[in-house]
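Let me begin by presenting the structure, written as structure tokens, before commenting on it.
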Amino acid sequence: MTRAAQRRIDTPATRPDEGFARLTEPYRRELLAYCYRMLGSIHDAEDLVQEIYLQAWRGYGGFEGRSSLRTWLYRIATRACLKALESYGRRPLPSGLGGPSDDPSDPPGPRLPEVPWLQPAPDALFGNDPAAVIEARQTMRLAFIAALQHLPGRQRAVLILRDVLGWRAAEVADLIGTTTAAVNSALQRARAQLSEVAPTADGVTEPTDPQKRALLDRYAAAFENADIAALMGLLTDDAVWEMPPILTWYAGRETVGRFLATRVHAAGDHRMVPASANGQPAFGAYTRDHDGVYRPHALQVLTVTAAGIARVVAFLDVDMFAPCGLPSALHATGDSGV
């Protein structure tokens with residue numbers, strides 16, 4: 001038998017379970033969101049979803065339908081996530097590892113790429129259904145994902161399945177192989193721990209959409225014009241600025257403003273391109289290179305409240321630009337480059 005013939009035999013489309021992809025594909029995005037909430041890394045979540053689908057495809061012939069296909073996929077996903085967490089551990093933001101810097105005139109600390117940092121999740125990966133985006137917004141926010149990182153793996157799974165996805169306790173117990181009483185106990189402990197690290201819901205005082213758009217437009221213009229006073233006027237009194245993988249972070253409008261004054265020097269040095277991640281407004285921040293081309297610098301994810309911009313997490317990871325639909329470069333005219 002030729003290799004080509006063998007490959008045709010081993011291809012899913014030629015097997016009796018050729019309906020697998022048609023039946024399971026509708027669950028891919030929600031499984032990606034589940035894995036991201038569990039792991040705190042969109043790259044790890046994407047890799048794990050591929051592994052989950054491979055495991056499911058291999059075991060599809062033995063699926064007897066005693067549970068729904070969705071439940072069966074979540075069982076595989078939960079098992080895979082818990083196993084992954086044994087190796088990955090917690091993914092923090094800089095603010096989860098120590099106190100803020102008091103002196104923004106000092107150079108920020110070195111990058112720590114060896115730390116498994118929390119990653120943003122580009123909204124584009126989860127589809128364009130506005131209803132789905134609104135429904136998932138609070139449970140995809142960076143503050144919520146960061147808070148989940150403090151929970152042990154099984155508590156994390158229980159809380160997501162019960163409080164985010166709305167599964168019944170008996171369903172979760174069957175899924176993870178335990179009792180309903182154990183699920184309820186784990187959920188109680190998870191909620192208590194979450195209330196300690198995230199005592200208030202993030203973003204509950206969002207402005208109206210027109211107000212938010214106007215505020216974001218002013219923010220981008222102030223950044224591009226190097227207008228530090230205007231930037232400070234858009235921040236809340238207790239605003240936070242952090243920059244993973246740099247450990248140093250800043251808290252308070254005055255401190256953040258003094259830090260930005262050391263980094264945003266001249267009008268025209270920066271360009272800001274709107275994006276969205278974790279259900280929050282974001283910007284691809286570009287800096288002008290010596291050749292006049294603007295190169296990716298940071299993906300800024302903003303927490304916007306009725307009082308102003310409360311937090312900016314500037315992820316210094318240019319690999320996040322493409323998943324957010326951001327161009328790889330901008331010419332001086334503002335046109336995108338490739």
### Exposure ranking of Thr248, Thr179 by accessible area [1.4 Å probe, largest first]
Thr179, Thr248
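May I ask you to list, by number, the DSSP H helices of the chain whose Cα span along the axis is at least 18 Å and whose average Kyte-Doolittle hydropathy reaches -1.0 or more? Kindly include the intermediate steps, with their values, before the conclusion.
Working: long enough: 42-59 (25 Å, -0.38); 69-88 (28 Å, 0.05); 180-197 (26 Å, -0.02); 209-224 (22 Å, -0.76).
TM-like helix candidates: 42-59, 69-88, 180-197, 209-224.
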### Task
Quickly estimate the mean residue ellipticity at 222 nm for the chain, helices only: each DSSP H run with n ≥ 4 gives -39500 (n - 2.57), and the total goes over all residues, rounded to 500.
-13000 deg cm²/dmol
### Task
Would you compute the Debye intensity of the range 255-323 from its alpha-carbon atoms alone, equal scatterers and no solvent, and pass along log10 I(q)/I(0) at q = 0.15, 0.18, 0.27 Å⁻¹ to two decimals?
-0.53, -0.75, -1.31
### Query
Between Pro244, Ala277, Phe259, whose Cα lies farthest towards the positive end of the dipole of the range 228-338 when Lys and Arg beta carbons carry +1 and Asp and Glu beta carbons carry -1, centred on the Cα centre?
Phe259
### Summary
Length gained, Asp319-Ser87, 0.36 nm per residue minus C-alpha separation, equals 81.2 nm
### Query
Using r as the Cβ-Cβ distance of Arg263 and Leu69, and R0 as 56 Å, what FRET efficiency do you calculate, to the nearest 0.05?
0.65
### Query
At what distance in angstrom do the alpha carbon centres of the range 28-51 and the range 132-191 lie from each other?
15 Å
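Using +1 on the beta carbon of Lys and Arg, -1 on that of Asp and Glu, and nothing else charged, what's the dipole of the chain about the Cα centre, debye to 20? Could you put the intermediate results ahead of the total?
Working: 35 positive and 38 negative charges, 247 e Å.
Charge dipole of the chain: 1180 debye, to the nearest 20.
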### Query
In nm, what is the difference between 0.36 nm times the number of residues separating Lys212 and Asp237 and their Cα-Cα distance?
7.2 nm
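The values are calculated or read from the model by the stated rules, or taken from the named source; none is laboratory data. Note that this is a predicted model, so its numbers are computed, not measured. Here Cβ is always computed from backbone atoms with ideal geometry, including for glycine, and neighbour counts include all displayed protein chains. Surface accessibility is based on the protein's heavy atoms, side chains included, excluding ligands, DNA and RNA. Shrake-Rupley method; radii C 1.70, N 1.55, O 1.52, S 1.80 Å.
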